[in-house]
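Novice: First, the structure itself, so that you have it in front of you.
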Amino acid sequence: MKHPDKLDSAYRVAMPATLALLLGTAPAAAQNSPVTVAIDATANVHAINPLIYGVAFASKAQLNELNAPLNRSGGNNMSTYNWLVNAQNLDFDWYFESYPQSSANKGAEADSFVAQAKSEGAQPMLTVSLIGWVATLGAGRSILPSFAVSKYGAQCSVDPYDSNAGDGVKTDCATDITGNNPADAYVPDSPAAEKKWIKHLIARWGTWADGGVGYYLMDNEPSIWFSTHRDIHPIGPHADEYRDKVIAESASIKALDPGAQIVAPEEWGWDGYFYSGYDQQYAGENGWSTFPDRQNEEGGMDYIPWLLSQWKAAGHPVDVLSVHFYPQGGEYSNDVSNATQLLRNRSTRQLWDPNYVSESWIGVPVYLIPRLQGWISSYYYAGTPVAITEYNWGAESSINGATAQADIYGIFGQQGLGLATRWTVPAGNTPTFKAMKMYRNYDGAKSTFGDTSVSATVPNPDNLSAFAALRTSDGAMTVMVINKVLTGSTSVSLNITHFAASGSAKVYRLTSGNAIRALPNKSWSGGTLSDTAPAQSITLYILPK
C-alpha cells in the first residue's frame, strides 16, 4: 500500500469522506426521502419487560456482554433430558441417539446451566419432559441408538461416527421404520419421576421466592413430536393429551414451589397455533381437509384458544403463554440477496401488523403478538404474559440480520411482549450480536435502552423504523432509529413532544462497518433533533431529561 503522504490528490480528497461514512459521522446529503419520527412522551406509555431480551444456551461470557436477563435451556433435545443419568436423546436432529453429557453426576447439566445464568444475573428457564420417555445410556455411559442397524436393518443414512446408528428410514430413503421399541434408548417417564428432579433443583437452588429456578417450560414443540421424536411418539398428541399432561405437571411442580412459573405450550409455529399434533399429522396425510380433534374434542375451536379455555377451567396451571415463530419465506437463512434482504425488512411486520399478509405459505396476516394477547383476553386470565421463546430472522453475519434483530427488539417492547428468548446467540463478532448490545450494553458499561415505552411513529417501517422509551434510572429518553434501506442515506428528524425541548444527546451507531461507535453529541432545539442515518444502520440517541 502507498504511504499516505504519497497518495494521489484525488484519494487525499476522498479519504476523509470515505472514512467518515464508514464511521457513520458524515453529514452526507440524503439520497432517500426524508423521514420524520413523531415521538410523544405521554402517549402509549407502558413498561418494557427486560425479559424480552432473553437468549438461549448463552455462555457466561455471552450473558455478560449482552447483559442478558433470561437464558433458556430448550429445543428438541431437552424433551428427553434424564437428570438421573445426565443424558438426552438427539432425536431426528442427529440419528435418534441417546447421548451422555460430560458429567455422570445427577442433574449436572441443568445445574451447570442454572449456575451459569445466575452468576451473570440472568433468570434460567428449564424444559420439563412431558413426552413420556427420557434418554438412557448403555454400559459405561455409552451411546444408545433408537434405530440400530444391527436390529432394524440397513437404513438410508447412518451416523458417520457410528455405523450402527441409523436414521430410522429404510434404504429407499422414503419409508420410515415403524414399530421400534422405545426401550432401546429410553426409559419411561412421568410427573412423579420429574418431581424428583424438581425437588433436586429446589434443594440446590431454592424456590422461586428464594431466587431459585422460576420458569419451567412444558416440553418443546409437542404438536410435532410425531416427527421430531417419532421413535417414541409416532402419533401426534391429541389435544386432550397435551392439555392433561400440562395440568398434571403444573400441579406437581406447584405443590413443591407455588411461585414457579409454568410456561406453555411452546408450540413450533403457525400450524401449531391452530391444530393439535394429531390433527397436523392426520390432515397432512389426508389432504388437509379433515381435522378430527378440532371437530370433536375442541368443538371447532382453534387449538391454542381451546387449550387456554381448558386450562382456565382447570384453575390456573399455566403462567406464561409461549410459542415459537420463525419467518417462513426464506428469511431464516444466510441469504442476503437484495430480494431476501428487502423481505427480511418487511416481514418483521408479522409480529404486530394486522394488515401485513405473510409473504410465505402462511399467506394471511399473522400479527403474532396482538393475536396471542387477544387470545389471553378472550380465553384465559387477563394480564397473563405472552412469550416468544424461539425466533430468528437469519443473516446473523450481515448488517441486514442486525437491522432485523434491532427492529424485533423494538417491536417486542412497543407491543408489550412479556418474555422472549432468541434462538440462539449469534457469534460475538457479528453485526447481529452487536445489534443486541445496542439495547443492552451499547457503551460497554451495561447501559440500556429505556424501560418505559412511549409513542414513536414513522411513515414506512419497511424502510426506517424507530422506537422510543424513557429510562427510569436517569429520566433520559432513548430513541432507536433503524434505517433498513439497502442504499443511500436518509435525513431523519425526531419531533419530540412532552419532553425537554432542547439539549445535547449522546449518539451511538452501528453500521456495516461492524462496530458500535460513540459519535459526537447531537444538539436539538424546539423539540426537533435532525440527523442523517446511513443505509443499513442502527442509531441510538440518549436525550437527557
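The values are calculated or read from the model by the stated rules, or taken from the named source; none is laboratory data. The structure displayed is predicted, hence computed values, not measured ones. Methodologically, a virtual Cβ is constructed for each residue, glycine included, from the backbone with ideal geometry; neighbour enumeration extends over all protein chains shown.
Novice: When you scan region 490-506, do you find a residue that is surrounded by 19 or more Cβ atoms within 10 Å (Cβ to Cβ), assigned to a loop (DSSP other than H, G, I, E, B), over 31 Å from the mean Cα position of the chain (by Cα) and touching a residue at least 40 places away in the same chain (Cβ under 8 Å), even just one?
Specialist: Scanning region 490-506, I find at least one residue that is surrounded by 19 or more Cβ atoms within 10 Å (Cβ to Cβ), assigned to a loop (DSSP other than H, G, I, E, B), over 31 Å from the mean Cα position of the chain (by Cα) and touching a residue at least 40 places away in the same chain (Cβ under 8 Å), so the answer is yes.
Novice: Restricting to region 473-494, give me the number of residues that are among the polar types (S, T, N, Q) and either under 14 Å from GLY413 (Cβ atoms) or in contact with a Gly (Cβ under 6 Å, 6 or more places away or on another chain) (or both).
Specialist: Going through region 473-494 one residue at a time, the tally reaches 1.
Novice: Name the residue, out of THR340, THR348, that is under 22 Å from TRP268 (Cα atoms) and not assigned by TED's automatic domain parsing to the domain that holds ASN220.
Specialist: THR348
Novice: Separate question: Could you list, in sequence order, the residues of region 63-76 that are farther than 24 Å from ILE262 by Cβ and in a loop (DSSP other than H, G, I, E, B)?
Specialist: Correct list: ASN67 only.
Novice: Say whether the condition of being of a type in the set (D, E, K, R), modelled with pLDDT of 95 or more and at negative phi is met by at least one residue in region 152-165.
Specialist: yes
Novice: To continue, here is another question. Could you tell me which of the residues SER79, SER102 is in a loop (DSSP other than H, G, I, E, B) and among the small types (Gly, Ala, Ser)?
Specialist: SER102
Novice: The conditions are (1) over 32 Å from the mean Cα position of the chain (by Cα); (2) part of a strand (DSSP E or B), and CYS156 fails exactly one of them. Which is it?
Specialist: The failed condition is (2).
Novice: Then there's this: Search region 63-93 for residues being closer than 13 Å to PHE113 by Cα and among the polar types (S, T, N, Q), and hand back the single one that is surrounded by the most Cβ atoms within 10 Å (Cβ to Cβ).
Specialist: By that ranking, first place goes to ASN71.
Novice: In addition: If a residue has to be of a type outside the set (Gly, Ala, Ser) and part of a strand (DSSP E or B) to count, how many in region 118-153 make the cut?
Specialist: 10
Novice: Now for a different question. Look at region 112-131 and say how many of its residues are more than 12 Å from LEU63 (Cβ to Cβ) and buried (at least 19 other Cβ atoms within 10 Å of the Cβ).
Specialist: Matching residues across region 112-131 total 8.
Novice: Ok, one more. Yes or no: ILE388 in the same structural domain as PRO317 (by TED's automatic domain parsing), assigned to a helix (DSSP H, G or I) and modelled with pLDDT of 95 or more?
Specialist: In short, no.
Novice: Still on this structure: Looking at ALA122 and the list (1) assigned by TED's automatic domain parsing to the domain that holds LYS437; (2) small (Gly, Ala, Ser); (3) farther than 30 Å from PHE412 by Cα, which single condition is not satisfied?
Specialist: Every listed condition holds for ALA122 apart from (3).
Novice: Of all residues being of a type in the set (Ser, Thr, Tyr) and in contact with a helix residue (DSSP H, G or I) (Cβ under 9 Å, 6 or more places away or on another chain) in region 132-151, which is surrounded by the most Cβ atoms within 10 Å (Cβ to Cβ)? Just the residue, please.
Specialist: Here the answer is SER146.
Novice: Restricting to region 298-317, name every residue that is buried (at least 17 other Cβ atoms within 10 Å of the Cβ) and touching a Lys or Arg at 6+ places or on another chain (Cβ under 9 Å).
Specialist: MET301, TYR303, TRP306, LEU307, GLN310, TRP311, PRO317
Condition check ((1) within 30 Å of GLY206 (Cα to Cα); (2) touching a Pro at 6+ places or on another chain (Cβ under 9 Å)) across all residues:
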residue	(1), (2)
SER250	yes, yes
LYS254	yes, yes
ALA264	yes, yes
ASP271	no, no
SER276	no, yes
GLU285	no, no
THR290	no, no
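Novice: Return yes when THR36 is part of a loop (DSSP other than H, G, I, E, B), out of contact with any Asp or Glu (no Cβ under 9 Å at 6 or more places or on another chain) and polar (S, T, N, Q) and no when it is not.
Specialist: So THR36 fails the test.
Novice: Within region 330-342, is even one residue of a type outside the set (Lys, Arg), in contact with a strand residue (DSSP E or B) (Cβ under 9 Å, 6 or more places away or on another chain) and crowded, with 22+ Cβ neighbours inside 10 Å?
Specialist: No, region 330-342 has no match at all.
Novice: Answer yes if at least one residue in region 425-444 is of a type in the set (Gly, Ala, Ser), closer than 22 Å to ALA61 by Cα, out of contact with any helix residue (DSSP H, G or I) (no Cβ under 8 Å at 6 or more places or on another chain) and surrounded by fewer than 19 Cβ atoms within 10 Å (Cβ to Cβ), and no otherwise.
Specialist: Yes, region 425-444 has at least one match.
Novice: Taking into account only those residues within region 463-484 that are of a type in the set (A, V, I, L, M, F, W, C) and surrounded by fewer than 23 Cβ atoms within 10 Å (Cβ to Cβ), which is nearest to SER525 (Cα to Cα)?
Specialist: The extreme case among them is ALA476.
Every residue, every condition in (1) touching a His at 6+ places or on another chain (Cβ under 8 Å); (2) of a type outside the set (S, T, N, Q); (3) within 21 Å of GLY418 (Cβ to Cβ); (4) in contact (Cβ under 8 Å) with a residue 40 or more places away in the chain, yes or no:
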| residue | (1), (2), (3), (4) |
| --- | --- |
| ILE224 | no, yes, no, yes |
| PRO234 | no, yes, no, yes |
| PRO237 | no, yes, no, yes |
| GLY269 | yes, yes, yes, yes |
| TYR273 | no, yes, yes, yes |
| GLY284 | no, yes, no, no |
| GLY299 | no, yes, no, no |
| SER309 | no, no, yes, yes |
| PHE325 | no, yes, yes, yes |
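Novice: Any residue at all in region 168-179 that's buried (at least 18 other Cβ atoms within 10 Å of the Cβ), over 22 Å from ASP111 (Cβ atoms), of a type outside the set (Phe, Trp, Tyr) and free of Cβ contacts under 8 Å to residues at least 60 places away in the same chain?
Specialist: Yes, some residue in region 168-179 is buried (at least 18 other Cβ atoms within 10 Å of the Cβ), over 22 Å from ASP111 (Cβ atoms), of a type outside the set (Phe, Trp, Tyr) and free of Cβ contacts under 8 Å to residues at least 60 places away in the same chain.
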